[in-house]
1. I'm trying to understand the selection: among the residues of region 184-215, which are within 11 Å of the chain's Cα centre (by Cα) and assigned to a helix (DSSP H, G or I)?
2. For region 324-417, give me every one of the strands (runs of 3 or more DSSP E) that falls completely inside it and has 1 or more residues that are surrounded by fewer than 17 Cβ atoms within 10 Å (Cβ to Cβ) and either in contact with an Asp or Glu (Cβ under 7 Å, 6 or more places away or on another chain) or on the phi > 0 side of the Ramachandran plot (or both).
3. Can you say whether Ile235 is farther than 23 Å from Arg131 by Cβ, out of contact with any Cys (no Cβ under 9 Å at 6 or more places or on another chain) and modelled with pLDDT under 95, as far as the supplied structure shows?
4. Restricting attention to region 333-363, which residues are more than 20 Å from Ile419 (Cβ to Cβ) and out of contact with any strand residue (DSSP E or B) (no Cβ under 6 Å at 6 or more places or on another chain)?
5. Does Ile321 satisfy the criteria of being at pLDDT below 90 and farther than 25 Å from Trp222 by Cβ?
6. Looking at (1) part of a helix (DSSP H, G or I); (2) within 20 Å of Ile114 (Cα to Cα); (3) in contact with a helix residue (DSSP H, G or I) (Cβ under 8 Å, 6 or more places away or on another chain), which one does Glu143 not meet, given that it meets all the others?
7. Being part of a helix (DSSP H, G or I) and under 21 Å from Phe88 (Cα atoms), is that true of even one residue in region 30-39?
Amino acid sequence: MITVMKFGGTSVGSPEALQRAAKIIMDGAGSKIVVASAMSGITNFLVKGAESLPDSRNNIIGEFEKKHVDAAGQLLNGEQMAEFMKEFNIRMKNFGDLLEDEAAAKDPYFKDNITSQGERFSTLILSHALRAAGARSVALTSEDCGICAEGSPLSGSADLQRTESIMAMKVKPYVDDGVIPIITGFYGINGDGRPLTFGRGGSDYSAAVVANAMNADLLEIWTDVDGFMSADPRIIPDAVKIDEMNFGEAAELAYFGAKVLHPRTIEPVRMKHIPLKVRNSFNPEEPGTIIHHLRKPKDDLLRSVALKTDLSIISISSAEIAFHPEMVARIIEKIAENEVVIYSISTSLSTVAFLVHNNDVKSILSKLNTLDPEDIERIDVKSDMALVCAVGDNLLSKCGVSAEIFTAVKEARANVAMISEGASDVSLNFVVPMSRATDVVKILHSKYVGSGSDERL
């Protein structure tokens, strides 16, 4: 049995957390492969530092080195620390050289290289912590093990087929020999050998890619929460943990607001029916949430309600746009030039509307303004909107579900600005003003999640 175990930033964010992670790994059954994020706070530190280079170089080196050496020093004894420093100094020199390289700074993938440095050092500490505990372990970068990526800077995707073929040669021999590989998350290597990151939170996705490539039996995401919840506990204090979900439900919640998983984590494991567990490294006795292909049906109308805030609706009006698909295609093409995430699309005879993040509105408008003004009658923006994602069993096949949900929305005195229903049979998504969004979530949870049955999920 092969288990891929991913540890997030808070789960490797301190000497105590690293020690807990090492124990969890040691206690696990069968063969293990570990993927780790950077220590908490490090990626943000590197992102900020990269924006002020070269002036920030010495500060980056000094703080970065101290953070990792101090953590390792609390986990390793003298001889172990000496072995760690040999590898650490090699990686640190490479990092320092990168920060001084003026030619590299002009490379479009420079920020990918800088912001992925944290994973190269957190994995090194964790590997040496395992060795200190008596395990055989090796720290591998994405370059070492062949995680192949493609795409634009800061927005990569894994090439699953190439990754599988290379990891079979580079990682499988370690696993077969009883060695625990500790692999960098967050980034892969493009065709030119440059680091390419998978977006913020992308280490979850990296772990799913590794699980896919190694044909793992299980993927465990170790984080700082007990699992998927029926709602954000900050909004619903009595939200309950969901014990079991199918891939579709988890994917919808991750994409539309639940911060437990990176939205792209599901697909690589769903392709090979690899079960995924979300576990809490600070509470390892808690079994967490299991996500797999099938699950037992529940009686509640809804299983969870997620919320994504700080969104805007951009509406583009043009005469009979529904009869001009080439116009819609040009509009989408313009929006895609900035690789903007579109959360929902709605059309009518003369209008097409897109739901995007508030921060993307300015760049989108600048692109849309390059279209032929004779084709576009008007562009309207409705800001500070929120998307509510209601997830449940076979919502499309249940009569009256929409009526029940929108009755609750009416009770919250919220106007629905946009609806997305039918694209998924496990979710109904709609947009309301941010000022009323939390009230909508509270009423939906109270009516259809929190009191649907004695079992409560």
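1. Those that are within 11 Å of the chain's Cα centre (by Cα) and assigned to a helix (DSSP H, G or I): Ser203, Asp204, Tyr205, Ser206, Ala207, Ala208.
2. Where strands (runs of 3 or more DSSP E) fall fully within region 324-417 and carry at least 1 residues being surrounded by fewer than 17 Cβ atoms within 10 Å (Cβ to Cβ) and either in contact with an Asp or Glu (Cβ under 7 Å, 6 or more places away or on another chain) or on the phi > 0 side of the Ramachandran plot (or both), they are 351-357, 378-391.
3. Values: farther than 23 Å from Arg131 by Cβ: yes; out of contact with any Cys (no Cβ under 9 Å at 6 or more places or on another chain): yes; modelled with pLDDT under 95: yes.
Here the answer is yes, as Ile235 does meet what is asked.
4. Glu333, Lys334, Ile335, Ala336, Glu337, Asn338, Asn359, Asp360, Lys362, Ser363
5. Considered against the rule, which asks whether it is at pLDDT below 90 and farther than 25 Å from Trp222 by Cβ, Ile321 comes out as yes.
6. Unmet condition: (3).
7. Quick first cut of region 30-39, residues part of a helix (DSSP H, G or I) only: none.
Checking region 30-39: not a single residue is part of a helix (DSSP H, G or I) and under 21 Å from Phe88 (Cα atoms).
To keep it simple, each residue is scored yes or no on (1) in the same structural domain as Ile182 (by TED's automatic domain parsing); (2) assigned to a helix (DSSP H, G or I); (3) crowded, with 16+ Cβ neighbours inside 10 Å; (4) among the β-branched types (Val, Ile, Thr).
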residue: Pro54; (1), (2), (3), (4): yes, no, no, no
residue: Ile60; (1), (2), (3), (4): yes, yes, yes, yes
residue: Met85; (1), (2), (3), (4): yes, yes, yes, no
residue: Lys111; (1), (2), (3), (4): yes, yes, yes, no
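The values are calculated or read from the model by the stated rules, or taken from the named source; none is laboratory data. Everything quoted here is computed from the prediction, not taken from an experiment. Positions of Cβ are backbone-derived with ideal geometry, glycine not excepted, and every protein chain shown enters the neighbour counts.
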